[in-house]
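Engineer: Can you read through this structure? Questions will come right after.
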Amino acid sequence: MDILRQGWLPSFYQDENEQIQWPTLGNEPAIDQCIVSPYDLTARAGVKRETTWYGYKVHRTECCDEDSPHLITNVHTTHAAEPDVRRTPVIHQAFAEHTRLPSEHIVDAGSMASTTLVTSRDDYRIDRLGPLRPDVSWQARSGTGYDFSHFTIDWETQTVSCPQAKTSWRWHDGIGPNGKPPIQTQFRRVDCQACPARTQCTRNKQARQVTLPPQGQCQALQAPGNGKRLRILRTARPVERAWKGRFLKLFLP
């Protein structure tokens, strides 16, 4: 019966009154709960940009030192709907169990997140190199707006400074809708209302608000220099140019 229920998930759902309803926008089942084949109950649907498939995905880790053989050091298989970033701790644990922990782990954007940057460093002393997902805020997309990278954070005084040299007055720790503990900061209305760069900064009728991840994650995301979203932990050296060359050499034909 449980298998039959999972098979029906994409087509029906039970509401709070225990009535069967057609799925609507916002009520769709999670993709990793939906059976895609009666012949393989663990297969799931995967989507990667324009490509869709049913089945699984394989995470393969390979040595890439120029002066050593390129050997496959770990192979990990998941169903196709599993986000790549969730597999990072499992892969690193496998490295540790077989004493094959690397000092650096070069990955693509699907395996990069602020949480894994911090845990990789703290738990396994691994520097993770890779592109983070682009900032999709309207400020970043405009090319001239004040996105997150334009703000300076003072963790000791718990304040944020904007490019116009104004300082936030509110700092509040909370829990976001996804269970993560964001920090909510807000600037003064009197500063934002009269700011000559207001149209580059915020569409809020009151004042600019900036949401931050916890300190460790935020510092992992804050790159030195020009604010490009290429990050490395434990070092303050400018790595953008060198990292780009290594990444392109490894990942592109």
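The values are calculated or read from the model by the stated rules, or taken from the named source; none is laboratory data. In this text the structure is predicted, and so the values were computed from the model without any measurement. Note that each Cβ is placed from the backbone with ideal geometry, even for glycine, and that neighbours are counted across all protein chains shown.
Residue-wise test of (1) at negative phi; (2) surrounded by 14 or more Cβ atoms within 10 Å (Cβ to Cβ); (3) more than 20 Å from the chain's Cα centre (by Cα); (4) in the same structural domain as Ser120 (by TED's automatic domain parsing).
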residue: Val36; (1), (2), (3), (4): yes, yes, yes, no
residue: Arg49; (1), (2), (3), (4): no, no, no, no
residue: Leu71; (1), (2), (3), (4): yes, no, yes, yes
residue: Ala94; (1), (2), (3), (4): yes, yes, yes, yes
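Engineer: Among the residues of the stretch 103-145, write down those that are surrounded by 16 or more Cβ atoms within 10 Å (Cβ to Cβ) and free of Cβ contacts under 8 Å to residues at least 24 places away in the same chain.
Structural biologist: Selection gives Val107, Ala140.
Engineer: Select from the stretch 145-163 the residues that are part of a strand (DSSP E or B) and either closer than 17 Å to Ala220 by Cβ or among the β-branched types (Val, Ile, Thr) (or both) and list them in ascending order. Spell out how you get there, then give the answer.
Structural biologist: Keep residues of the stretch 145-163 that are part of a strand (DSSP E or B), which gives 152-154, 159-161.
Hits for the stretch 145-163 are Thr152, Ile153, Thr159, Val160.
Engineer: Is there any pair with a first residue in the stretch 155-173 that is assigned by TED's automatic domain parsing to the domain that holds Gln206 and more than 12 Å from Thr185 (Cα to Cα) and a second that is surrounded by 11 or more Cβ atoms within 10 Å (Cβ to Cβ) and among the charged types (D, E, K, R) whose Cβ atoms are under 6 Å apart and which are 6 or more apart or on different chains, and what are they?
Structural biologist: Lys166/Asp191
Engineer: Given the criteria loosely packed, with under 13 Cβ neighbours inside 10 Å and under 20 Å from the mean Cα position of the chain (by Cα), does Pro83 qualify? Break it down stepwise before answering.
Structural biologist: Numbers: loosely packed, with under 13 Cβ neighbours inside 10 Å: yes; under 20 Å from the mean Cα position of the chain (by Cα): yes.
The answer is yes for Pro83.
Engineer: Select from the stretch 118-166 the residues that are within 27 Å of Ile91 (Cβ to Cβ) and among the small types (Gly, Ala, Ser) and list them in ascending order.
Structural biologist: Ser120, Gly130
Engineer: Hey, another quick one. Would you pick out the residues in the stretch 108-144 that are in a loop (DSSP other than H, G, I, E, B) and not polar (S, T, N, Q)? Please lay out each step first, then the result.
Structural biologist: Residues of the stretch 108-144 in a loop (DSSP other than H, G, I, E, B): 108, 112-113, 125-126, 132-137, 143-144.
Matches in the stretch 108-144: Asp108, Met112, Ala113, Arg125, Ile126, Leu132, Arg133, Pro134, Asp135, Val136, Gly143.
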